[in-house]
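The values are calculated or read from the model by the stated rules, or taken from the named source; none is laboratory data. Keep in mind that this is a model prediction, so the values were computed, not measured. Note that we place each Cβ from the backbone using ideal geometry, even for glycine, and neighbour counts take in every protein chain shown. All accessible areas refer to the heavy atoms of the entire protein, side chains included, with ligands and DNA or RNA removed. Shrake-Rupley method; radii C 1.70, N 1.55, O 1.52, S 1.80 Å.
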Amino acid sequence: MKKTILLIFLLSLAAKGWPQSYTVDSVPNTKIINNSYVSNPDALITPGAVAQIDQLLASLEQQTTAQVAVVVLHSIGENTPEDFAQALFVKWGIGRANKDNGLLILFVEDQRTVRFHTGFGLEGALPDAICKRIQIQKMVPAFKEGNTDAGMLAGIEEVFKILTDPAYTDELREPDKTSDASSLTFFFAMGWFIVGPFVFFMKRKSGYSNSIQTSSDKPNSKISKGQWWLLCYLLPLGLATFLSFNNDWVLIALSFYGYFIFMALLKYLRVLSRGNAWLKKGLYSTVYTFYKENSKWMGLAILFPIPFAFLIRPYKRKMQAVREHPRDCHQCGTKMNRLSEATEDKYLSKEYQFEENLKSVDYDVWLCAACGSVSVEQYVNERTKYAACPKCKTYAFYTERTTTLVHATTSSTGEEEIIKRCKYCNNRERTTITIPMISTSSDSSSSSGDSGGSYGGGDSGGGGASSSW
Ligand SMILES: [Zn+2]
Ligand SMILES: [Zn+2]
């Protein structure tokens, strides 16, 4: 009778969940049993907390496919939490098999330890240092007070925030980032210190201007060698060195933004003043073309609306003024008049008129009222499909047809035939070009959402962190 009573007593204790020591095999996998992320066989956290954690982790898996298993045990015997967590992680296969994005949170009451064990795929988002910080800041204080519910919830909420909101992770990493800023600018300075002179010598032949070069046939916008050393070498070098001591991403961004604006503005002013020097020689058409060739900076208005958006109109007006400025007659020195589009045609050859109709070239005809001499200025429109015909030189040469002769595959190149034709003289030219091989990119997509009755088969490299109290 006594034996029976003892047996019933022991059985009832077991049924209530008498604290026992668990092995990896004896921990109930609740994901399979009742699709719960929380294995809590010793009832160390309340059913309310389990429900909250389940809700949070289901939402996490739906949003990110990451799987988190929470195991709350009284004892794992003599095992260490690290070994136990690794073995349990592998046995259950927490995380998607192809992503290894699992996390096991193991709480061991008698060892007063909490362990985060991360799969390969989560080591980037949850590096060990971040795991440790979550434990120390969010969990251990509550565990010390015996409030297991609060500690688990706070820790899991933090994991949820990190995995669902990349901006939040950046906030957590801020202290690391600033030291990156300093080393980045330092390496930039070191790199440019060494590479800069090579760049100089590579550009030495044709890259610099000795003066405004009024000796060549057209103006240029190049800088002198001395200016290059000052503006392109020493200035960025000094700037990067200064920034490497200041460790501030915002300051770095602003400084380089400012540097590029400064350099672009210098170029803008340089182009204007070089053009002005040539205007004194009366070469209006040359300067107009020079201004036009150097108007690419207008694209900068998108990146740097201040000041470039405000410079576009004055620059265009200046260009137009240069183009329309009265020229001196080469014969008698009298001011010439520009003819209107309607009256200029009789001074233009058939080819020129053809080009004007195609809009591939615009011609201005200047007539001297005193001596009757005529000067024709040519402005090629770069934005049409027409180029100069190799045979008749008319800007009416275009790609009439391209035909694929041999299709490119993933293992061999292809061939393409290009027929170009001159609309004016009907000259046709055929060329073939090689089409590069098709490159394959292997991207397999995977479904997202709750995986239902079991974990997905993820693997862990043993990353993670533990904290004790
Ligand atoms: Zn004249
Ligand atoms: Zn032709």
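Of all residues in region 246-272, those being touching a residue at least 24 places away in the same chain (Cβ under 8 Å) and not charged (D, E, K, R) number 15. Residue pairs whose Cβ atoms lie under 9 Å apart, separated by 6 or more positions or on different chains, with the first residue in region 318-346 and more than 16 Å from ligand 1 (Cβ to nearest atom) and the second part of a loop (DSSP other than H, G, I, E, B) and open to solvent by 80 Å² or more (accessible area, probe 1.4 Å), do not occur. Would you mind stating whether S285 is part of a helix (DSSP H, G or I), surrounded by fewer than 17 Cβ atoms within 10 Å (Cβ to Cβ) and not basic (K, R)? For S285, the condition - part of a helix (DSSP H, G or I), surrounded by fewer than 17 Cβ atoms within 10 Å (Cβ to Cβ) and not basic (K, R) - is not met.
Condition check ((1) modelled with pLDDT under 90; (2) open to solvent by 30 Å² or more (accessible area, probe 1.4 Å); (3) more than 48 Å from the chain's Cα centre (by Cα)) across all residues:
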| residue | (1), (2), (3) |
| --- | --- |
| K3 | yes, yes, yes |
| S12 | yes, yes, yes |
| A15 | yes, yes, yes |
| P28 | no, yes, no |
| S36 | no, no, no |
| S39 | no, no, no |
| I53 | no, no, no |
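Within region 228-237, can one find any residue that is in a helix (DSSP H, G or I), out of contact with any helix residue (DSSP H, G or I) (no Cβ under 8 Å at 6 or more places or on another chain) and surrounded by 15 or more Cβ atoms within 10 Å (Cβ to Cβ)? There is no residue in region 228-237 that is in a helix (DSSP H, G or I), out of contact with any helix residue (DSSP H, G or I) (no Cβ under 8 Å at 6 or more places or on another chain) and surrounded by 15 or more Cβ atoms within 10 Å (Cβ to Cβ). Could you please let me know if W297 is more than 13 Å from Y379 (Cα to Cα), buried (at least 17 other Cβ atoms within 10 Å of the Cβ), at pLDDT below 85 and of a type outside the set (A, V, I, L, M)? Criteria met by W297.
S373 fulfils the conditions (1) modelled with pLDDT of 90 or more; (2) within 43 Å of the chain's Cα centre (by Cα); (3) under 21 Å from E324 (Cβ atoms) except for a single criterion, (2). In the set K393, K385, only one residue is over 24 Å from V322 (Cβ atoms), more than 42 Å from the chain's Cα centre (by Cα) and free of Cβ contacts under 8 Å to residues at least 60 places away in the same chain; that residue is K393. If the condition is being in contact with an Asp or Glu (Cβ under 9 Å, 6 or more places away or on another chain) and open to solvent by less than 70 Å² (accessible area, probe 1.4 Å), then region 407-421 contributes A408, I418, I419, R421.
Residues in region 103-140 that are on the phi > 0 side of the Ramachandran plot and either outside any loop (DSSP other than H, G, I, E, B) or not assigned by TED's automatic domain parsing to the domain that holds Y22 (or both): how many? Count: 0.
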